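**Student:** Please see the structure below; I have some questions.
The values are calculated or read from the model by the stated rules, or taken from the named source; none is laboratory data. Not measured: the values here are computed from a predicted model. Quick reminder, even Gly has a Cβ in these numbers, built from the backbone with ideal geometry, and neighbours come from all protein chains shown.
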Amino acid sequence: MSARHFLSLMDCTPQELGSLIRRAIELKDLRKRSVLFEPLKNRVLGMIFEKASTRTRLSFEAGMIQLGGQAIFLSPRDTQLGRGEPIADSAKVMSRMLDAVMIRTFAHSTLTEFAAHSQVPVINGLSDDLHPCQLLADMQTFIEQRGSIAGKTVAWVGDGNNMCNTYIEAAQQFDFQLRIACPQGYEPKAEFLAAAGERVRIVRDPREAVAGAHLVSTDVWTSMGQEEEAAERLALFKPYQVSRALLDAADPSVIFLHCLPAHRGEEISEDLLDDPRALAWDQAENRLHAQKALLELLVEPAYHHA
């Protein structure tokens, strides 16, 4: 039985994604009631971090421990990967010792190449192209608070980055309309837009994107690895700040999400995360529950069929 990977939301069917979210909500409830549930006893997750992380590391590590397993943190400083060992070689060796591997990296090709040579599930903990684990948490947050997102309107305001690309995939998989407001030249990748077709529309005016939207999301204007562009981006993106006034143009039931870390006074106004419509703290917590559901899905069957 070949390992099942989660490199993109497209690696699951819409039905599977729906049941993942439902399972995440159940696991959240179990934790709230302090019910011990350890289906991954003696399973080990290897976590390779080429980029800094707070929520991804905490949620995967705590999640594995809560499911009865363990997680090993590996930075490029700790492994031969950082000294140029071929990705394929690392994948072959690591996957003989671990039950799953989570990778947070720059080039998406690092993930696809690792997965191609891995005997165990590989999970995308973020690449320059996609951040699918974050979208599981975002969708869980919306569904918990507002029910199904199918047929709703979502607005993305800001940079057409990996989060924006993943929202485009989510629009297809969770059946919502997506409006993206970004400056000229900062659009999401063309192949993601092409795949989504009519579901996604690019506009220049944030107010047009947000009008009547049920969910509004943004991210930092300068992502990891783009620090030298920061000043230029700051000037260009200024009109794209999400404020309470901008949210007022959305549907009255709107929720605002931000995958964090947030730069107050840049992509969001200083007070936005204190607005009752902003659910970034629930969203951050849901990384834990959604990833536990994902780990259970990917790691447990591999164990039973071994």
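**Student:** Those residues that are modelled with pLDDT of 95 or more, of a type outside the set (A, V, I, L, M, F, W, C) and surrounded by 17 or more Cβ atoms within 10 Å (Cβ to Cβ), I need them from the range 204-230; list them, please.
**Tutor:** Selection gives PRO206, HIS214, SER217, THR218, ASP219.
**Student:** Still on this structure: Residues that are more than 18 Å from LEU273 (Cα to Cα): find the strands (runs of 3 or more DSSP E) completely inside the range 182-260 holding 2 or more of those. Walk me through it before giving the result.
**Tutor:** Details: elements: 200-203, 215-218, 255-258.
It comes to 200-203.
**Student:** How many residues are of a type in the set (Lys, Arg) and either touching a Gly at 6+ places or on another chain (Cβ under 8 Å) or not in a loop (DSSP other than H, G, I, E, B) (or both) when one looks only at the range 71-88?
**Tutor:** Step one: list which residues in the range 71-88 are of a type in the set (Lys, Arg), which gives 77, 83.
Checking the rest, the ones that are also either touching a Gly at 6+ places or on another chain (Cβ under 8 Å) or not in a loop (DSSP other than H, G, I, E, B) (or both) come to 83.
Looking only at that region, the number is 1.
**Student:** From the list ASP219, ASP282, which residue is within 17 Å of the chain's Cα centre (by Cα), under 15 Å from MET163 (Cβ atoms) and among the charged types (D, E, K, R)?
**Tutor:** Numbers: ASP282 fails: under 15 Å from MET163 (Cβ atoms).
Just one listed residue meets the conditions, ASP219.
**Student:** Only one residue in PHE37, PHE106, PHE60 is within 18 Å of the chain's Cα centre (by Cα), assigned to a loop (DSSP other than H, G, I, E, B) and at negative phi. Which one? Walk me through how you get there before you give the answer.
**Tutor:** Details: PHE37 fails: within 18 Å of the chain's Cα centre (by Cα); PHE60 fails: assigned to a loop (DSSP other than H, G, I, E, B).
None of the other options fit; the residue is PHE106.
**Student:** When the residues of the range 136-156 are filtered to those that are buried (at least 24 other Cβ atoms within 10 Å of the Cβ) and farther than 13 Å from VAL216 by Cβ, which remaining residue is farthest from the chain's Cα centre (by Cα)?
**Tutor:** The residue in question is GLN140.
**Student:** Using the structure shown, decide if ILE123 is part of a strand (DSSP E or B), buried (at least 20 other Cβ atoms within 10 Å of the Cβ) and in contact (Cβ under 8 Å) with a residue 12 or more places away in the chain. Before the answer, list the steps.
**Tutor:** Working: part of a strand (DSSP E or B): yes; buried (at least 20 other Cβ atoms within 10 Å of the Cβ): yes; in contact (Cβ under 8 Å) with a residue 12 or more places away in the chain: yes.
Yes, satisfied.
**Student:** Output the residues belonging to the range 51-69 that are polar (S, T, N, Q) and in contact with a strand residue (DSSP E or B) (Cβ under 8 Å, 6 or more places away or on another chain).
**Tutor:** Here is the first cut: in the range 51-69, the ones polar (S, T, N, Q) are 53-54, 56, 59, 66.
Passing the criteria: SER53, THR56.
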